[in-house]
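The values are calculated or read from the model by the stated rules, or taken from the named source; none is laboratory data. As the structure is a computational prediction, the values presented were derived from the model and not from experiment. Here the Cβ positions follow ideal geometry from the backbone for every residue, glycine too, while neighbour counts run over all protein chains shown. Quick note on the areas: whole protein, heavy atoms, side chains included, nothing else; ligands and nucleic acids left out. Shrake-Rupley method; radii C 1.70, N 1.55, O 1.52, S 1.80 Å.
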Protein chains: 2
Amino acid sequence: MNPLLAAMELGGTKTVVAIGDAEGKVLEEFRYPTTTPEETLGIACAWWRQRGDIDRLGIASFGPIRLDPRAVDYATMLQTPKLAWQGFSFATYFAQHWPSVRFCLDTDVQAALWAEMQRGAARHASEAFYLTIGTGIGAGLACHGRLVQGNLHPEMGHLMVRRHPDDPFAGTCPYHKDCWEGLASGPAIEKRWGQPGHLLPADHPAWDMQAFYLAQGLWAASTMFSPQVMILGGGVSQAHGLREKVVQQLDRMNSRYLESLDHRVKLPALQQNAGIIGALLLASQLAEKA
Amino acid sequence: MNPLLAAMELGGTKTVVAIGDAEGKVLEEFRYPTTTPEETLGIACAWWRQRGDIDRLGIASFGPIRLDPRAVDYATMLQTPKLAWQGFSFATYFAQHWPSVRFCLDTDVQAALWAEMQRGAARHASEAFYLTIGTGIGAGLACHGRLVQGNLHPEMGHLMVRRHPDDPFAGTCPYHKDCWEGLASGPAIEKRWGQPGHLLPADHPAWDMQAFYLAQGLWAASTMFSPQVMILGGGVSQAHGLREKVVQQLDRMNSRYLESLDHRVKLPALQQNAGIIGALLLASQLAEKA
């Protein structure tokens, strides 16, 4: 029998915990609201322990978070608007509450990319990019077939983009106002148009503007590291026809400089399950105990 | 005695050929104007052959060029304004004219980055970025300690940037007009201000505008893959005080969201020799013949 692995997708508002196998197959999962670190992790640990003998755990977390294993504050939540989580250390928590477990950690969007690379829309890509639009804009990035963390991890939501000529909206980013995330995240759409994205019809001008902004990020990724696959993830990206509008904008921006990027822009194959599947696949990379 | 390696830095206007060792030490070099492929390569091969028994060659070339070894048109020059080079295949050339040599190939800016990572300003960086401003804007990029080619190779000169509020200049890019390269390359500076960059004094407003544009590219790289080191290479970047202006703009753009990027922005340690040193270091990665 395959050894059981534990996985957690920790979001700003909800948490998913699961058990599964090394191929990323979820055997059982449980969803509940994210509250304080102690309560949220406490519920998770109790749930996992009831499910069997587990010694490996993969975590896909919101950020920013220190991912460099050489850093003294490895696995610590950095400056985040979710104040209860600021400074929270997964390493310290597990050392105190579950010392026998080995865990690995990445951002939610990096885990989602990893799942799509192993089992979804980015199979066989060595360079790949995953974009998620929700309460913010997050990006995951792989080069040479491996996730990239760099000094921190991609923070591409704060890319500076060109403003759409018909867009007077000031932007929502508390740091940069009208950076990418400030103009094109879920809350930005809602504040600009007075309604959340899922209530706006497919022919609403919001979607042309959204495509204009999303295409700029994909264009930046293309010029920077030329990924074979770029995945439009997150709730907002699934709006009807948005992928096609993004590709049109991207082709216009490209202006025949590069080959058309159409076939590289993909919707996720694993939908909303990519994060938790990715967390399982990350856990499976931890060596089995002898 | 160490086996002799050959290197070539093929630029749009001049070519450098060299022999050296596996540590990137140049023992002898020769510079001459780039003309047609047959003439330029012919001079190089004759020069190398006079210098001893050589069986490995590293090439740092202008682009765009097909770098994926799995592609049928590997090592072929793609669409370039230098029409004599369009479609030229290094693979075919060496198969015909020097079948015993093994060569490896990368762009000039990737080779320069590689040299700086091995011997210069980006030692010990696993994620690094090299920017060169000259007749165009080129970028080299490494992740996990290895150069990144992606589907083609970085073409970051064509990033879309925000226009400086005081800049009415239309831009010089034949594809995109006012992309990054269209606004901030050497020819763009010369056309906007009526004089080439090296004639503009250090207190000329051109440099604040240039720093504004350069900082946007470094910011894009930072948000995208968070490199530990970003090198300002190429002639234009060496203007007095420009690095400091770029860092100021970068800190302003950052707006305290990330830690200051000051210590990550570096001038090249190998100056104008990085390309040919990088080509030697690339050649040294080819396995020695048994």
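To the nearest 100 Å², how much accessible surface do chains B and A cover up together, summed over both, with a 1.4 Å probe?
Working: alone 13820 and 13790 Å², together 23750 Å².
Looking at B and A, the buried total is near 3900 Å².
Quick check of the Kirkwood formula: for segment B:66-107, what is the inverse mean of 1/r over all pairs of different Cα atoms, in Å?
Values: mean 1/r = 0.0918 Å⁻¹.
Result for segment B:66-107, one decimal place: 10.9 Å.
At the residue level, B:L258 shows approximately 30 square angstrom of accessible surface with a 1.4 angstrom probe and all protein chains present.
Please check: in the Gaussian network model of chain B (C-alpha springs, under 10 Å), which one of B:F225, B:F62, B:F212 has the largest mean-square fluctuation. For chain B, modelled as a Gaussian network with Cα springs under 10 Å, the answer is B:F225. Legend: residues A:H164, B:H124, B:H198, sorted from most to least accessible area (1.4 Å probe; ligands, DNA and RNA excluded), read B:H124, B:H198, A:H164. Each copy carries a label point for A:H240 at 7 Å from Cα along the beta-carbon vector; from one copy to the others these points are 6.4 nm apart, nearest first.
In segment B:7-29, whose amide N lies under 18 Å from the spot 7 Å out along Cα-to-Cβ of B:H97? List them in ranges. The answer is B:7-19, whose backbone nitrogens lie closer than 18 Å to the label point.
Taking only the C-alpha atoms, wrap a convex hull around segment A:121-268 and report its volume per residue in Å³ as a whole number. Intermediate values should be presented prior to the final figure.
On the way: hull volume 15.5 nm³, N = 148.
Each residue corresponds to 105 Å³ of Cα convex hull volume.
Of all DSSP beta bridges in chain B, what percent run antiparallel (nearest 5)?
Percent antiparallel among DSSP bridges in chain B is about 55.
Scaled against 2.2 N^0.38 Å for its residue count N, the alpha carbon radius of gyration of the protein assembly as shown is 1.01.
Rolling a 1.4 Å probe over the heavy atoms of the protein chains gives segment B:121-268 an accessible area of 37 Å² per residue.
Arrange the residues B:R264, B:R163, A:R31 by how much accessible surface each exposes, largest first, with a 1.4 angstrom probe. Please list the in-between numbers first.
Working: B:R264 15, B:R163 90, A:R31 115 Å².
Final ranking, largest accessible area leading: A:R31, B:R163, B:R264.
From the gyration tensor of the Cα coordinates in chain B, what semi-axes in whole Å does the equivalent ellipsoid have, largest first, with each one equal to sqrt(5λ)?
On the way: eigenvalues 224, 86, 57 Å².
Output for chain B: semi-axes of 34, 21, 17 Å.
For the options B:M117, B:M156, B:M224, a Gaussian network treatment of chain B with springs between C-alpha atoms closer than 10 Å singles out B:M224 as fluctuating the most. Peptide B:152-164 shows a mean partner chain C-beta count of 5 within 10 Å per residue C-beta. For the peptide A:138-149, the mean number of other protein chain Cβ atoms found within 10 angstrom of a residue's Cβ is 4. Between copies, the label points of A:P196, set 7 Å from Cα on the Cα→Cβ line, lie 5.9 nm apart, reported in increasing order to one decimal in nanometres. Rolling a 1.4 Å probe across all protein chains gives A:Y257 an accessible area of roughly 50 Å². Here the Gaussian network model covers chain A, with springs between Cα atoms less than 10 Å apart; of A:D167, A:D262, A:D55, A:D167 fluctuates the most. A crude spin-label estimate for the pair B:R70 and B:L286, with each label 7 Å from Cα along the Cβ direction, gives 2.3 nm.
Note on segment B:121-268: with neighbouring protein chains present and a 1.4 Å probe, carbon and sulfur make up 51 percent of its accessible heavy-atom surface. Distance to the A-onto-B rotation axis is smallest for one chain A Cβ; residue and value in angstrom are A:C143, 2.
Over all pairs of different C-alpha atoms, segment B:186-257 has a mean inverse distance whose reciprocal, the Kirkwood radius, equals 12.8 Å. Distances between equivalent label points of A:Q86 across the copies, with each point positioned 7 Å along Cα→Cβ, amount to 5.7 nm, shortest listed first.
A Förster radius of 45 Å, combined with the Cβ-Cβ distance separating A:E28 from A:D251, puts the computed FRET efficiency at roughly 0.55.
Taken about its Cα centre, segment B:121-268 carries a charge dipole of about 220 debye when Lys and Arg each add +1 at the Cβ and Asp and Glu each add -1 at the Cβ. Close amide-amide hydrogen proximity is noted between A:T172 and A:G182, A:L183, each under 5 Å apart and 5 or more residues distant or on a separate chain (H modeled in the peptide plane; Pro and chain starts excluded).
Check every DSSP H run in chain A and write down those whose alpha carbon atoms cover 30 angstrom or more along the long axis and whose mean Kyte-Doolittle hydropathy is 1.6 or greater.
Working: long enough: A:205-225 (31 Å, 0.42).
Qualifying helices, which must be both long enough and hydrophobic enough, do not occur.
Averaged across A:214-221, how many Cβ atoms of other chains sit within 10 Å of each residue's Cβ atom?
Details: counts 0, 1, 2, 3, 0, 5, 10, 4.
The shielding value for this peptide is 3.
Which of B:K14/B:K266; B:K14/B:K82; A:K177/B:K266 have a Cα-Cα distance over 21 Å?
Working: B:K14/B:K266 26 Å; B:K14/B:K82 13 Å; A:K177/B:K266 28 Å.
With Cα atoms farther than 21 Å apart: B:K14/B:K266; A:K177/B:K266.
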